[in-house]
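Visitor: Just passing along the structure, written as structure tokens.
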């Protein structure tokens, strides 16, 4: 069973005519554009999360971070 959904959009008739004229694969184009947009937004979200983590880590004294890292290495 297919794990896909249909997404539709209304476009001007002239645009549709040009898409056909140029032989553009609409499915492939839309899929790639959506995948790229999702990837871009995931990266933005991860960057924001990293900045929040950085803010928290900046509040912890450096010697405490070094101690925690050493303890973590020793337990592995």
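What follows draws every value from the coordinates through simple rules; no lab data is involved. Note that the structure is a prediction, hence the values are computed from the model and not measured. No Cβ is skipped: glycine too gets one built from the backbone with ideal geometry, and neighbour counts run over all protein chains shown.
Visitor: Taking R0 as 35 Å, what FRET efficiency do you get between residue 6 and residue 57 from their Cβ-Cβ distance, rounded to the nearest 0.05?
Guide: 0.20
Visitor: To test your reading of the geometry: what angle, between 0 and 90 degrees and rounded to tens, separates the Cα axis of helix 62-75 from the longest principal axis of the chain?
Guide: With both axes taken from Cα atoms, the answer is about 80 degrees.
Visitor: Figure the gain on full extension for residue 18 and residue 49 (residue separation times 0.36 nm, minus the Cα-Cα span) and round it to one decimal in nm.
Guide: 7.0 nm
Visitor: Another one. Could you work out how much longer the chain between residue 33 and residue 64 gets when fully extended? Use 0.36 nm per residue separation minus the Cα distance between them, nm to one decimal. Don't skip to the answer; put the middle values down first.
Guide: On the way: separation 31, 0.36 × 31 = 11.16 nm, distance 4.50 nm.
Computed gain between residue 33 and residue 64 is 6.7 nm.
Visitor: With n ≥ 4 as the cut-off for DSSP H runs, can you work out [θ] at 222 nm for the chain, using -39500 (n - 2.57) per run divided by the number of residues, rounded to the nearest 500? Working shown, then result.
Guide: Numbers: 3 runs with 57 residues, N = 76.
Computed mean residue ellipticity for the chain: -25500 deg cm²/dmol.
Visitor: Could I ask something else about it? Using only Cα atoms, tell me the angle between helix 13-22 and the longest principal axis of the chain; keep it within 0 to 90° and round to the nearest 10.
Guide: 80 degrees
Visitor: Whole angstrom only: what separates the Cα centroid of segment 33-76 from the Cα centroid of segment 1-21?
Guide: About 40 Å separates the Cα centre of segment 33-76 from the one of segment 1-21.
Visitor: Then there's this: (i) 12.9; (ii) 17.6; (iii) 12.5: which one is Kirkwood radius over Cα pairs in Å as calculated from this entry?
Guide: (ii)
Visitor: Nearest 10 degrees is fine. How inclined is helix 26-58 to the longest principal axis of the chain, computing both from alpha carbons?
Guide: That helix lies at roughly 20 degrees to the long axis.
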